[in-house]
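What follows is a short report on a single structure.
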Amino acid sequence: QQQVKQSPQSLIVQKGGIPIINCAYENTAFDYFPWYQQFPGKGPALLIAIRPDVSEKKEGRFTISFNKSAKQFSLHIMDSQPGDSATYFCAASIGGTSYGKLTFGQGTILTVHP
Amino acid sequence: NAGVTQTPKFQVLKTGQSMTLQCAQDMNHEYMSWYRQDPGMGLRLIHYSVGAGITDQGEVPNGYNVSRSTTEDFPLRLLSAAPSQTSVYFCASRLGTSGNYEQYFGPGTRLTVT
């Protein structure tokens, strides 16, 4: 049972484009939604995260949009660069006594062409 | 700080062999966890620990054992390796056991079971 569904599986854009990666979740108890970036041969690293009490969060060229009623959230990368080419994972967790165990989406392989 | 370190980086096992994947962190983090990453499935939680002497099962614990005798170390043991355990394994740690602290991932161990 996949509690967090991520799409698309892969994405190719030109430099300067705005790739959008979407995630949908089922468990309404989730209260923390991070995005991780992973380069080949490396472990995932936190990129940006949001809580459900806000609808949007921006950090540099990365923006999370959050729709609580639809149980969906998405990552937008503005002015994408070849260096953004990586695998992106959305995740969700429940705080408090669930110790923040992360449930990950399936991942999106992003390629940004020069 | 070295952060989260994992050894070995690569390992090939024959079916039925046993081995231990090592994980250490030098950030005095309470919470440590093990994930496996498989294509198209994201990362899935195997086991986690909220402190020395305390461990619990995650989403896919079968075939794996863990123990946590110190705050720094959290080894993952495969008692009798199976081809289905071919995967990339990531150890992660975070400061607190409740609330939404960032999780830091190690560089991973790529395991092949033949």
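The values are calculated or read from the model by the stated rules, or taken from the named source; none is laboratory data. Just so you know, these numbers come straight off a predicted model, no measurement behind them. Virtual Cβ from ideal backbone geometry, glycine too; neighbours counted across all protein chains shown. Accessible surface areas use protein heavy atoms only, side chains included; no ligands, DNA or RNA. Shrake-Rupley method; radii C 1.70, N 1.55, O 1.52, S 1.80 Å.
With respect to A:Thr111, is the statement that it is surrounded by fewer than 17 Cβ atoms within 10 Å (Cβ to Cβ), part of a strand (DSSP E or B) and either among the small types (Gly, Ala, Ser) or out of contact with any Cys (no Cβ under 7 Å at 6 or more places or on another chain) (or both) true?
Values: surrounded by fewer than 17 Cβ atoms within 10 Å (Cβ to Cβ): yes; part of a strand (DSSP E or B): yes; either among the small types (Gly, Ala, Ser) or out of contact with any Cys (no Cβ under 7 Å at 6 or more places or on another chain) (or both): yes.
Spelling it out, A:Thr111 is indeed surrounded by fewer than 17 Cβ atoms within 10 Å (Cβ to Cβ), part of a strand (DSSP E or B) and either among the small types (Gly, Ala, Ser) or out of contact with any Cys (no Cβ under 7 Å at 6 or more places or on another chain) (or both).
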Scanning the stretch A:38-63 for residues that are more than 14 Å from chain B (Cβ to nearest Cβ) and touching a residue at least 12 places away in the same chain (Cβ under 8 Å), which turns out least open to solvent (accessible area, probe 1.4 Å)? A:Thr63
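Grab the strands (runs of 3 or more DSSP E) fully contained in the stretch B:15-114, keeping just those with 1 or more residues being open to solvent by 30 Å² or more (accessible area, probe 1.4 Å).
Details: elements: B:19-25, B:31-38, B:42-51, B:54-57, B:64-66, B:76-78, B:87-94, B:109-113.
Correct list: B:19-25, B:31-38, B:42-51, B:54-57, B:64-66, B:76-78, B:109-113.
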Only one of these conditions is not met by B:Gln85: (1) touching a Phe, Trp or Tyr at 6+ places or on another chain (Cβ under 9 Å); (2) within 14 Å of chain A (Cβ to nearest Cβ); (3) among the polar types (S, T, N, Q). Which number is it? (2)
Residue selected from the stretch B:31-46 under the condition within 7 Å of another protein chain (Cβ to nearest Cβ) and more than 11 Å from the chain's Cα centre (by Cα), by the criterion farthest from A:Ser93 (Cα to Cα): B:Gly40
How many of the residues in the stretch B:63-87 are over 13 Å from B:Gln22 (Cβ atoms) and in contact with a strand residue (DSSP E or B) (Cβ under 9 Å, 6 or more places away or on another chain)? 12
Within the stretch A:1-37, restricting attention to residues that are touching a strand residue (DSSP E or B) at 6+ places or on another chain (Cβ under 9 Å), of a type in the set (Ser, Thr, Tyr) and within 20 Å of A:Ser69 (Cα to Cα), which residue is surrounded by the most Cβ atoms within 10 Å (Cβ to Cβ)? A:Tyr25
